[in-house]
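All remarks here apply to the structure that follows.
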Amino acid sequence: VAPTQFLSILDFGPAQLSACLARAGELKAARSAHRPHERPLEGLHVALLFEKPSLRTRSTFQIAVRELGGHTIEPPEDVALGGRESIEDVARNLERWVAAAVVRTFAQSRLQTFADAAPRLRVINALTDEEHPCQALADCLTLTERLGSLRGRTIAFVGDGNNVAASLAQAATMLGANVRIASPKGFELAASIQVGIASSATSGGRLELTTDPVAAVHGADAVYTDVWTSMGQEAQGPDRHRIFAPYQVNAALMAQAAPGALFMHCLPAHRGDEVTDEVIDSPASVVFDQSENRLHTQKALLAMMAGA
Ligand code: CP
């Protein structure tokens, strides 16, 4: 049974996560073969509420809902989340009209407030400051397509211990992978995320944190990075550039990974900062597979949450 709220990867257990990835694979195969597939959202509406910019998440949810038979509504930003009325009242209104809400906001607590106010509404985290679980679904589908089972595989994340790192670590350890995260001191994965992974690690997965990018990448099956300055941190840009410069994923760092290791990035990328053109444009790069898989995994997630 799928949860009615997907605010975090930890709302899934290992069996639900694996089921979602398997379903995404089926939906991907059907779409690629132009075969008709299930339409569990027929006659239903889904609200998309975005407080931050988005290309991939917004577009793929629009397409996903449409391909599952539903319709999206997109209340303008100035009325969407607590501008004119409380977050709770926005949720209570939407609960009367739509089956689900996909929310991109700032603090995870804002998302939690929204979800708590409307228990009948299915709520999906489309990125908060702390977590990005929909990205992690696509990342894990991409990894399993390329590597098969993740049990015993090593995934290295190099850079800021941000929302993308958090959800990737939660999901990949749940699937039995060893996740190594290399971040500068002061930019590590949040302690609350580390505790959550430790208490949910039932599949043999392991989390290791280091400040050394070479140690993290050594022998890894995949190397993942993200921008050094996330949305909302722009004022810290110059300082972050200086601090993160040794964490650039370039050909020399990729050479430390296992032969044939994958390069991953959630996009958008700042080429020349966290990754060189040489790496992101190399045959090792699966960044557009990750982007494509946002669609298939979100279709699977929506179908599961609709009870289909
Ligand atoms: N990776 C990701 O979430 O992309 P967008 O910010 O464009 O949605």
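The values are calculated or read from the model by the stated rules, or taken from the named source; none is laboratory data. On a predicted model such as this, the values are computed, not experimentally measured, just so you know. When we count neighbours, we look across all protein chains shown, and the Cβ atoms used for this are built from the backbone with ideal geometry, even at glycine. Surface accessibility is based on the protein's heavy atoms, side chains included, excluding ligands, DNA and RNA. Shrake-Rupley method; radii C 1.70, N 1.55, O 1.52, S 1.80 Å.
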Quiz item: Which pairs have Cβ atoms under 9 Å, sit 6 or more apart or on different chains, and link a residue in the range 63-85 that is free of Cβ contacts under 8 Å to residues at least 12 places away in the same chain to one that is part of a loop (DSSP other than H, G, I, E, B) and not aromatic (Phe, Trp, Tyr)?
Solution: ARG66/LEU41; ASP78/ARG84; VAL79/GLU85
Quiz item: Residue check, SER282 against (1) in a helix (DSSP H, G or I); (2) touching a strand residue (DSSP E or B) at 6+ places or on another chain (Cβ under 7 Å), all met but one. Which one?
Solution: (1)
Practice problem: Quickly run through the range 86-107 and pick out the residues that are outside any helix (DSSP H, G or I) and in contact with a helix residue (DSSP H, G or I) (Cβ under 8 Å, 6 or more places away or on another chain). | Solution: ALA100, ALA101, VAL102, VAL103, ARG104, THR105
Practice problem: Among the residues of the range 251-266, count how many are away from the ligand (no atom under 16 Å from the Cβ) and open to solvent by less than 40 Å² (accessible area, probe 1.4 Å). | Solution: 6
Quiz prompt | Tally, over the range 216-240, of residues that are assigned to a helix (DSSP H, G or I), surrounded by 14 or more Cβ atoms within 10 Å (Cβ to Cβ) and not β-branched (Val, Ile, Thr) | solution = 2
Quiz prompt | Candidate set: the range 267-308, residues that are within 14 Å of the ligand (Cβ to nearest atom), open to solvent by 10 Å² or more (accessible area, probe 1.4 Å) and charged (D, E, K, R); chosen: the one farthest from LEU127 (Cα to Cα) | solution = ASP289
Quiz item: Restricting to the range 163-195, what's the tally of residues that are surrounded by fewer than 18 Cβ atoms within 10 Å (Cβ to Cβ) and not in a loop (DSSP other than H, G, I, E, B)?
Solution: 4
Quiz item: Could you say whether any residue in the range 197-204 is within 16 Å of the ligand (Cβ to nearest atom), open to solvent by 70 Å² or more (accessible area, probe 1.4 Å) and not charged (D, E, K, R)?
Solution: no
Self-check item: Residue tally, condition assigned to a loop (DSSP other than H, G, I, E, B), of a type outside the set (Gly, Ala, Ser) and either within 16 Å of the ligand (Cβ to nearest atom) or open to solvent by 60 Å² or more (accessible area, probe 1.4 Å) (or both), over the range 11-64
Solution: 11
Self-check item: Residue in the range 109-147 that is farthest from the ligand (Cβ to nearest atom), counting only those that are under 26 Å from VAL287 (Cβ atoms) and open to solvent by 30 Å² or more (accessible area, probe 1.4 Å)
Solution: LEU147
Exercise. Find the residue count for the range 90-115, including only residues that are touching a residue at least 24 places away in the same chain (Cβ under 8 Å), of a type in the set (D, E, K, R) and more than 22 Å from SER54 (Cα to Cα).
Key: 2
Self-check item: Scan of the range 235-244 for residues that are under 24 Å from the mean Cα position of the chain (by Cα) and within 19 Å of VAL275 (Cβ to Cβ), ordered by number
Solution: GLY237, ARG240, HIS241, PHE244
Quiz item: If the Cβ limit is 7 Å and pairs must be 6+ apart or interchain, which residue in the range 168-190 that is at pLDDT 95 or above and among the aromatic types (Phe, Trp, Tyr) pairs with which residue that is assigned to a loop (DSSP other than H, G, I, E, B) and surrounded by fewer than 23 Cβ atoms within 10 Å (Cβ to Cβ)?
Solution: PHE187/GLY161
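This table checks each residue for (1) assigned to a loop (DSSP other than H, G, I, E, B); (2) touching a strand residue (DSSP E or B) at 6+ places or on another chain (Cβ under 9 Å); (3) within 19 Å of LEU21 (Cβ to Cβ).
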site	(1), (2), (3)
SER109	no, no, no
LEU127	yes, yes, no
GLN135	no, no, yes
THR144	no, no, yes
ARG151	yes, no, yes
GLY161	yes, yes, no
